[in-house]
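Just below is one structure, and these are the notes that go with it.
The values are calculated or read from the model by the stated rules, or taken from the named source; none is laboratory data. In this text the structure is predicted, and so the values were computed from the model without any measurement. Here Cβ is always computed from backbone atoms with ideal geometry, including for glycine, and neighbour counts include all displayed protein chains.
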Amino acid sequence: MMVRSKVCGVTTETDLRAVADAGTDAVGVLAEVAVDTPREVDADRAADLIAGAPPFLSTVLVSMPDSAARAVELAGAVAPDAIQLHGDFDTEEIRYVRRESRANVITAVDADDVDRARRYDEVADAVLIDSTTDSGAGGTGETHDWDAAADLVTDLSTPVILAGGLTPENVAEAARTVDPYAVDVSSGVERAGGQKDHDAVARFVREADVEVPA
């Protein structure tokens, strides 16, 4: 199985083109997140960036909306292929967002909260395992226990996306250890907050493109 790649926190058209040119499978744009981050844009800007993505590059709106209804509103306004939700949403709320948003739903879960990840199995379209802050936000730049993440990949039917402290230098090892559906990077390919290093993006995608034995 080939491991897919997602580059998150894109804020400019130039970085969006670099992500696409690198052969990335998905791009993430942040809007309405309850933390102070240079990667956040407003919903209108997110819609413009996502509309500018070329064909075959999947677009993901990354957000921390205050309700499931707001998540649906954002998805309607921004029109991503998927919405990645950070926050304390129960399984019925995830089902509601999937049904009403016309977008795939990725639920972000702290790597230490294995029980919560299991609750989302076969409810969300994918579960993203990350090193998160107390508020549930990602982008910490910290790795977590890859062996535990590998166990979760084995246990869950829903695709697992691995995030948390990934870089061009460690992503190949992470992919081989965990065997995730995809790997996700943000700060690990930046030259400054919210500004992507295009060479690092290209190296990350190249290193992530490993085939893991079934």
Checking Pro80 against (1) under 15 Å from Leu128 (Cβ atoms); (2) at pLDDT 95 or above; (3) surrounded by fewer than 23 Cβ atoms within 10 Å (Cβ to Cβ); (4) not aliphatic (A, V, I, L, M), the condition it does not meet: (3)
The lone exception for Thr167 - which of (1) modelled with pLDDT under 95; (2) outside any helix (DSSP H, G or I) it fails: (1)
Test: residue in the stretch 101-112 that is of a type in the set (Ser, Thr, Tyr) and touching a His at 6+ places or on another chain (Cβ under 6 Å): no
Of residues in the stretch 33-51 being within 17 Å of the chain's Cα centre (by Cα) and part of a loop (DSSP other than H, G, I, E, B), the one surrounded by the most Cβ atoms within 10 Å (Cβ to Cβ): Arg39
Among the candidates Ala108, Ala172, residue that is among the small types (Gly, Ala, Ser), under 24 Å from Met2 (Cα atoms), surrounded by fewer than 20 Cβ atoms within 10 Å (Cβ to Cβ) and modelled with pLDDT of 95 or more: Ala172
Residue tally, condition more than 13 Å from the chain's Cα centre (by Cα) and at pLDDT 90 or above, over the stretch 143-164: 13
Long-range neighbours under 7 Å by Cβ, at least six apart or interchain, first residue without any contact (Cβ under 8 Å) to a residue 40 or more places away in the chain and under 16 Å from Pro65 (Cβ atoms) within the stretch 31-52, second in a loop (DSSP other than H, G, I, E, B) and among the polar types (S, T, N, Q): Val41/Thr11
Any hit, the stretch 176-184, residues being under 13 Å from the mean Cα position of the chain (by Cα), farther than 20 Å from Glu211 by Cα and either part of a loop (DSSP other than H, G, I, E, B) or charged (D, E, K, R) (or both): no
Given (1) in contact with a Phe, Trp or Tyr (Cβ under 9 Å, 6 or more places away or on another chain); (2) in a strand (DSSP E or B), number of the condition Thr59 does not satisfy: (1)
Condition broken by Thr140, with the remaining ones in (1) of a type in the set (Ser, Thr, Tyr); (2) crowded, with 18+ Cβ neighbours inside 10 Å; (3) modelled with pLDDT under 95 satisfied: (2)
Residue within the stretch 5-24 that is over 19 Å from Lys196 (Cα atoms) and either hydrophobic (A, V, I, L, M, F, W, C) or in contact (Cβ under 8 Å) with a residue 40 or more places away in the chain (or both) present: no
Filtered residue count, the stretch 62-85, keeping only those that are among the polar types (S, T, N, Q) and outside any loop (DSSP other than H, G, I, E, B): 2
Single condition Arg176 does not satisfy, out of (1) farther than 16 Å from Val109 by Cβ; (2) in contact with a helix residue (DSSP H, G or I) (Cβ under 6 Å, 6 or more places away or on another chain): (2)
Criterion violated by Ala34 - all others in (1) within 28 Å of Thr154 (Cβ to Cβ); (2) modelled with pLDDT under 95 satisfied: (1)
